[in-house]
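Scroll down for the structure; my scribbles are underneath it.
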Amino acid sequence: MNINIVKRFLKFLYPYRFQEVLLFGCMVLGTIANLASPYFLKIIIDDIIPSKDVKSLFYIIGLMLIVYLLRVIVGFVSDYLSTFLGNKIVNDIKLDIFQNLINRDINYFEKNKSGDIIQKINMETHKVQSFITHSIIRFISNIITITCLIAMLWVLNFKLFLISILVIPFSILINRFYSKKLQKTIKKASAKEGDLYTFFIGVIKNIKLIKVFNAQKKELNNADIELKELLRLYIKSTVYSSISRNGATFFVAMGSLIVLSYGGYQVISELMTVGALVAFIQYLNRIYSPANDLIFLYVDCIKAQVSMERIFPLLSKDTSESFKENNYTKINTIESISIDEVDFNHNETLVLKRVKLDFSRGKKYAIVGPSGSGKSTLINLLCKFYEPKKGKIILNKNLCLSKVNPISWIEKVTLVQQEPLIFEKSIRDNLLYGDFNASDEDLWEALSVAQLSDYILSTPNKLDTRIGDGQDSILLSGGQQQQLSIARALLKNSSVLILDEATSALDSVKEKTVLSSIFDNSQNKIIILISHKLSSVIDVDHIFYLEEGKVKEEGTHFSLLAKEKSYFKLFQNQLFTKKKEIVAHQNK
């Protein structure tokens, strides 16, 4: 097992060292109490019964009763502490993982499947928790028990003890033989668990699509295939584990037979008392169990190692430039943004090629073009989700975006996407993401600008109405979700507002009303629209037309229509009165 990885996880034990010391003390007391009974039994058989000492018999029985009560109390405290530590530690691991996860670059989430991430947080953390709490506790407890038992066995009959441990190497060998096969199988099973999570998330996310195309049987068959493969890996893992465990158990049984044979011979030859043999066998039976458990812990170590290796990257803090805040400059106001000869590659494919754009405060812009032209990539660059491969993004004519503190920058930019990102919480909770200190008056004002306030007033609990299924909850239409997302963005009151198909679910009349309201209330911002709808971009100050990652045309709506080139062709099906508009504009 990688010691460095183990050390990284053992740090989660440190805050609870007092409880761990107490648990350790309980284990020592429990072990001592557990070892007392066989020795008391030896005294009764060899000394008290032959001497017919009734008083001593009741005295020993009284001591045994006290020992049993002590074992109950110690056992209860041990169980409580073990449960407390186990759950606290797994919570700390999950919280640490989650903190690092939400601070990672967007690239991480694009390269890793969501189901695999959830599987690591949910299942792998519990496997690690089981190891660093239960397995380590078992290891310490077994070491204490074995040490005490060895001492007792040595005192009772050291020759018989040496004979009894001859079977242990065979148990070790059989476990070592199957360990590599078991490790490979566990790795495959863990990866398949992640794939299964991803599969179920995809099905739930696309349930409407599945129903529309009547694909329930197809997806059920896919689920059956995935589950059968996971079952096969589980069974294979169990077979390897069971062979090693039961093989070890067989050699333990052989050890007991050897001891019984030799010990019985010594009793018959009067070289050993009956009480000593009974006590020895009881101690021996107790030493084989923890000894075997130590061997079985090797299997647990293999499982924990696989889980640790899968989780470890999530526990490592992101050391990318975006998190080294001291390397950056803060920015207060944004007067202009210039995209200067920017190139961007995605998986070795050139998505943007020497793109040049300029944005100024107080103006409205639109970026249009066919699908795959690079619009979304350009927005990701503006939001600092990606970094340009070549070229620069310049702020206020003298500051490169790469030198700006990411936290400072994201406060200045708000992105509203086509797919509304809405939590199944109250309307208030969703809106407060824009400004956690916003008053109710601020919330209503933002809803009013987004043209959604009248509808929210009609809901059961207004701002406290919950979104989702259930009693007193509401289901928002696609357009209403987009309006709620816009209201949330307006509360942020950032210098740059980017609307990426943010009104695509609204009808033309509602869309025009919402955009006009946004424009009227955002006159000091840089507003950038991405849209395939002519009605969305017709009123902006300047339009950039992208095609194949390049800016092919730019200008006002009417100047681009007059050229009758790429921009005109993109929207020609939406132009019902093209010539009238051009003539009317030219005659002004």
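Bear in mind that the values in this text are calculations on the coordinates, not laboratory data. These figures come from a predicted structure and were not determined experimentally. In this analysis, Cβ positions are derived from the backbone assuming ideal geometry, glycine residues included, and neighbour counts consider all displayed protein chains.
A simple packing score, the average count of other Cβ atoms within 10 Å per residue, orders the peptides 65-71, 38-44 as 38-44, 65-71, with the highest score first. Using a cutoff of 8 angstrom between alpha carbon atoms and counting only pairs six or more residues apart, the relative contact order for region 349-412 works out to 22 percent.
Quick check on the exposure proxy: order Ile143, Ile235 from fewest to most C-beta atoms within 10 angstrom.
Exposure proxy ranking, most exposed first: Ile235, Ile143.
From the alpha carbon centroid of region 25-49 to that of region 493-517 is 80 Å.
Classify region 411-559 as rounded, prolate or oblate, taking a ≥ b ≥ c as the square roots of the eigenvalues of its Cα gyration tensor: rounded when a/c is under 1.5, otherwise prolate if a/b is larger than b/c and oblate if not.
Since a/c reaches 1.5 and a/b is larger than b/c, the shape of region 411-559 is classed as prolate.
Put the Cα centre of region 218-238 next to the Cα centre of region 438-477 and the gap is 44 Å. Relative to the current alpha-carbon distance between Ser261 and Ile118, full extension at 0.36 nm per residue lengthens the span by 45.9 nm.
In region 415-469, what GluC sites (Glu not before Pro) fall in a loop by DSSP, with at most 12 other Cβ atoms inside 10 Å? The qualifying sites are Glu424.
For the residue pairs Lys375/Lys492; Lys211/Lys364; Lys211/Lys425, the C-alpha atoms sit more than 30 angstrom apart in Lys211/Lys364. A simple rule links phi to the HN-Hα coupling: the Karplus curve 6.51 cos²θ - 1.76 cosθ + 1.60 with θ = phi - 60°, which for region 71-83 gives 4, 5, 5, 4, x, 5, 4, 4, 4, 4, 5, 5, 5 Hz, with x for Gly and Pro.
Here Lys180 is the anchor, and the aspartates and glutamates within straight C-alpha reach of less than 16 Å, apart from those fewer than 8 places off in the same chain, are Asp300, Glu309. The gain in end-to-end length when the Ser477 to Val28 segment is fully stretched comes to 155.3 nm, 0.36 nm per residue minus the alpha carbon separation. Proximity of backbone amide H atoms, modeled 1.01 Å from N, is registered between Val404 and Thr329 at under 5 Å, excluding neighbours fewer than 5 places apart on the same chain. Based on the alpha-carbon gyration tensor of region 322-408 and its eigenvalue square roots a ≥ b ≥ c, which shape applies: rounded if a/c is under 1.5, prolate if not and a/b is larger than b/c, or oblate? Oblate, since a/c reaches 1.5 and b/c is not below a/b. If R₀ is 56 angstrom, what is the calculated FRET efficiency for the pair Phe558 and Glu441, using the beta carbon separation as r and rounding to 0.05? In this case the efficiency is close to 0.90. Only bridges with both residues in region 380-500 count here: give the DSSP antiparallel percent, nearest 5. Of those bridges, close to 35 percent are antiparallel. FRET efficiency for the pair Val77 and Val155, taken as 1/(1 + (r/R0)^6) with r the Cβ-Cβ distance and R0 = 45 Å, rounds to 0.95.
The gain in end-to-end length when the Gln523 to Leu63 segment is fully stretched comes to 156.8 nm, 0.36 nm per residue minus the alpha carbon separation.
With the simple model of a label 7 Å out from the Cα in the direction of the Cβ, Asp46 to Glu424 spans 6.8 nm.
Under the combined filter of DSSP loop state and at most 14 neighbouring Cβ atoms within 10 Å, region 387-495 retains these chymotrypsin sites (Phe, Trp or Tyr not before Pro): Phe423, Phe436. The overall shape of region 369-455, judged from the alpha-carbon gyration tensor, is prolate: a/c is not under 1.5, and a/b is greater than b/c. Using the Cβ-Cβ distance between Arg354 and Asn87 with R0 set to 51 Å, the FRET efficiency from 1/(1 + (r/R0)^6) comes to roughly 0.35.
Placing a label point 7 Å from the Cα of Ile394 along the Cα-to-Cβ direction, the residues of region 347-366 with a backbone N closer than 17 Å are 354-361. Close amide-amide hydrogen proximity is noted between Val351 and Phe344, Asn345, His346, each under 5 Å apart and 5 or more residues distant or on a separate chain (H modeled in the peptide plane; Pro and chain starts excluded).
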